[in-house]
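Visitor: The structure is given below, and queries will be raised subsequently.
The values are calculated or read from the model by the stated rules, or taken from the named source; none is laboratory data. Computed from a predicted structure; not experimentally measured. In this analysis, Cβ positions are derived from the backbone assuming ideal geometry, glycine residues included, and neighbour counts consider all displayed protein chains.
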Amino acid sequence: MENIKISFNPKQKHLEEIGEWMIEEKQMPLSQNGNWSAIVTAFENKKLIIATRKNITVGFYTISFSMFTISIDVAEINPKFRKKGIGKLLLAEIIRKYQRKEIYALHLFCAPESSQNTWKKLGFKYYLNNSSNDRSSKIEMYRIIKPVLFPKKNNPDLEHEVIEVWNDEPHKTNNENPTWIWKLQYIKNTNILKKPIVHFGEYSWRIRWRKGNVVYSDGKYKWFDTKNEEFNCMVIKETPKLK
């Protein structure tokens, strides 16, 4: 759609326009709309991104930040302007702005659940489940926005230096092969990876770092990287220095 502009600094009038078309669509006061207070808070904290056409608000995302990721908390397009690619334009501008920083991925909860096909078309994937397939009843999705090191599945490597992850806690995986394996490649003379590992899992999942039969670390991810404040995303840019 032509003449669409994306702004990271909306004005009060844009917030009011969002309220007007939300009232019209939902046929209820804003006080009864569960998302409205979150939208207002995002506006006040400069975390409301809008799309306008002829200076009229036609769509928006609200976001929040973690250490390495951005959560898309609310996303709405004015009903009169849906299926015109406005959500895609908003997403592209968010990625363009933040992928130059220390942001590696976006994630969200699908609400309503019917929105998941839209997010899949925008490049989002489902969170990885644990071995019992009971991780969450919510539909969680993510999209990685930077070049990363991709894993291989169920392919034990006995020669190279690797990081292995199981999709459950250590005590449940003692006799199991790893679910994912990354072959590590370093920047010369450093412990910094050429490409980071970004993996949506749980901080209690088992992770093992080894080379051949020499094991440097084996335990829960939260013990492997105590600096990462992300609860559901493993981000490994470098390996710990060996003592």
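Visitor: Among the residues of the stretch 195-219, what is the count of those that are surrounded by 14 or more Cβ atoms within 10 Å (Cβ to Cβ), closer than 16 Å to VAL162 by Cα and of a type outside the set (Gly, Ala, Ser)?
Guide: So the answer is 13.
Visitor: Still on this structure, I have one more. Any residue that is assigned to a strand (DSSP E or B) and either loosely packed, with under 15 Cβ neighbours inside 10 Å or assigned by TED's automatic domain parsing to the domain that holds ILE145 (or both) - is there at least one of those in the stretch 165-176?
Guide: Scanning the stretch 165-176 turns up at least one residue that is assigned to a strand (DSSP E or B) and either loosely packed, with under 15 Cβ neighbours inside 10 Å or assigned by TED's automatic domain parsing to the domain that holds ILE145 (or both).
Visitor: Pairs please, first residue from the stretch 79-94 and in contact (Cβ under 8 Å) with a residue 40 or more places away in the chain, second anywhere and in a helix (DSSP H, G or I) and among the charged types (D, E, K, R), Cβ atoms under 9 Å, 6+ apart in sequence or on different chains.
Guide: PRO79/GLU24; PRO79/GLU25
Visitor: Is one or more of the residues making up the stretch 65-83 basic (Lys, Arg) and in the same structural domain as SER204 (by TED's automatic domain parsing)?
Guide: No, every residue in the stretch 65-83 fails to be basic (Lys, Arg) and in the same structural domain as SER204 (by TED's automatic domain parsing).
Visitor: Quick one: in the stretch 38-70, of everything that is of a type in the set (D, E, K, R) and touching a residue at least 24 places away in the same chain (Cβ under 8 Å), which residue is farthest from PRO147 (Cα to Cα)?
Guide: Here the answer is LYS54.
Visitor: Among the residues in the stretch 98-112, are any at pLDDT below 95, aromatic (Phe, Trp, Tyr) and in a strand (DSSP E or B)?
Guide: yes
Visitor: Residues in the stretch 228-243 that are surrounded by fewer than 19 Cβ atoms within 10 Å (Cβ to Cβ), more than 18 Å from the chain's Cα centre (by Cα) and in a loop (DSSP other than H, G, I, E, B): how many?
Guide: Total satisfying the criteria: 4.
Visitor: Which members of the stretch 166-212 meet the condition of being among the aliphatic types (A, V, I, L, M), without any contact (Cβ under 8 Å) to a residue 40 or more places away in the chain and over 17 Å from LYS152 (Cα atoms)?
Guide: Scanning the stretch 166-212 gives a single hit, ILE187.
Visitor: Of everything in the stretch 30-55 that's among the hydrophobic types (A, V, I, L, M, F, W, C) and over 23 Å from ILE95 (Cα atoms), which residue is modelled with the lowest pLDDT?
Guide: LEU30
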